Amino acid sequence: MRNIIVAIALTTCGIAIGLAVPFGRSAVASDSLMDAYATIHSRRFVDLTHSFAPGIAHWPGFPDETVSTLFTYKKDGFFAQLFSHVGQWGTHVDPPAHFAAGGKTVDEIDPKQMFLPLVVIDVHAKVARNSDYVLSLDDVRAWESAHGPIPEGAFVAMRTDWSKRWPSEAAMENKDASGTAHYPGWSLPVLQYVYLTRRAVATGHETTDTDPGVKASHNDYSLESWILHRGHYQIELLDGLDRVPESGALVMVTFPKPRGGSGFPARVVAIVP
């Protein structure tokens, strides 16, 4: 059979890789995806995920997690536990179906939408001065002035360093005497720009909600609803955004595949150049 050679230019973390793939015979390692794997695997991997357990910070309407041991080494020769928790637990994925009737459930998210360019918009200094800070178009313009346009198909994360308050629910909620929470959030103009103009795939943040605390305290989840009703997913309660660059990294967003799932704990890992 005649060989057909396909040349693929893959830019990964700023490095161009040429892949020559022969069809009709087994490719040798140097002419396969193993080249891309070797380049990616040589980079630094940063876990952006909180470990979860009973008692962690969570949306106040949800019950706490319970964990029990079903089998032990001593009695049964192996160790197995039973975990009971809501889908939106710890660092987690919110699929469209979480808010949008008929929207995609967790198991229906395309795997190609789980490996993306990572954009980190850093406003942690502003949040330190104002816990009610909302991401503005000026913040996005400043990012693009420094790094160029947000790439199409990106995962856009809002860095606030709010994750440093983890796992204390009281610190994460940051409520005043009247019970109103004070934590940062997104704004509609930014979401419209990120999704409609720059065509991002997903967004993420370190807080329990997309909407700022002063809105969420009054059951206003309109920003989260806006994202999910447009067929996108989001990740809440991210960690470690202070350990990744604002531009140039990739992100793997992974989670189990519950049939018809309304959400589930996620494992999010950045690949850093």
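K164 meets all of the listed conditions (1) surrounded by fewer than 18 Cβ atoms within 10 Å (Cβ to Cβ); (2) over 18 Å from the mean Cα position of the chain (by Cα) but one, namely (2). Annotation note: Cβ proximity below 9 Å between a residue of region 193-204 that is free of Cβ contacts under 8 Å to residues at least 40 places away in the same chain and surrounded by fewer than 24 Cβ atoms within 10 Å (Cβ to Cβ) and a residue that is assigned to a loop (DSSP other than H, G, I, E, B) and of a type in the set (A, V, I, L, M, F, W, C) (sequence gap 6+ or interchain) occurs for Y195/V201; T197/I150. From the list D47, D35, which one is over 27 Å from S163 (Cα atoms) and either surrounded by 14 or more Cβ atoms within 10 Å (Cβ to Cβ) or of a type in the set (D, E, K, R) (or both)? Within the list D47, D35, the selection yields D35.
Taken residue by residue, region 124-147 has at least one member that is under 23 Å from S51 (Cα atoms) and either surrounded by fewer than 16 Cβ atoms within 10 Å (Cβ to Cβ) or assigned by TED's automatic domain parsing to the domain that holds G240 (or both). Of all residues in region 208-237, exactly one satisfies the criterion of being free of Cβ contacts under 8 Å to residues at least 60 places away in the same chain, assigned to a loop (DSSP other than H, G, I, E, B), surrounded by 23 or more Cβ atoms within 10 Å (Cβ to Cβ) and of a type outside the set (D, E), namely T210.
Tallying residues that are of a type outside the set (A, V, I, L, M, F, W, C) and out of contact with any Pro (no Cβ under 9 Å at 6 or more places or on another chain) within region 52-71 yields 7. Filtered by the rule that a residue be touching a Ser or Thr at 6+ places or on another chain (Cβ under 8 Å), in a loop (DSSP other than H, G, I, E, B) and among the β-branched types (V, I, T), region 86-121 gives T91, T105.
Scanning region 127-143 for residues that are touching a residue at least 12 places away in the same chain (Cβ under 8 Å), among the charged types (D, E, K, R) and closer than 15 Å to E246 by Cβ yields a total of 1.
The values are calculated or read from the model by the stated rules, or taken from the named source; none is laboratory data. On a predicted model such as this, the values are computed, not experimentally measured, just so you know. Backbone-built Cβ (ideal geometry, glycine too); neighbour counts: all protein chains shown.
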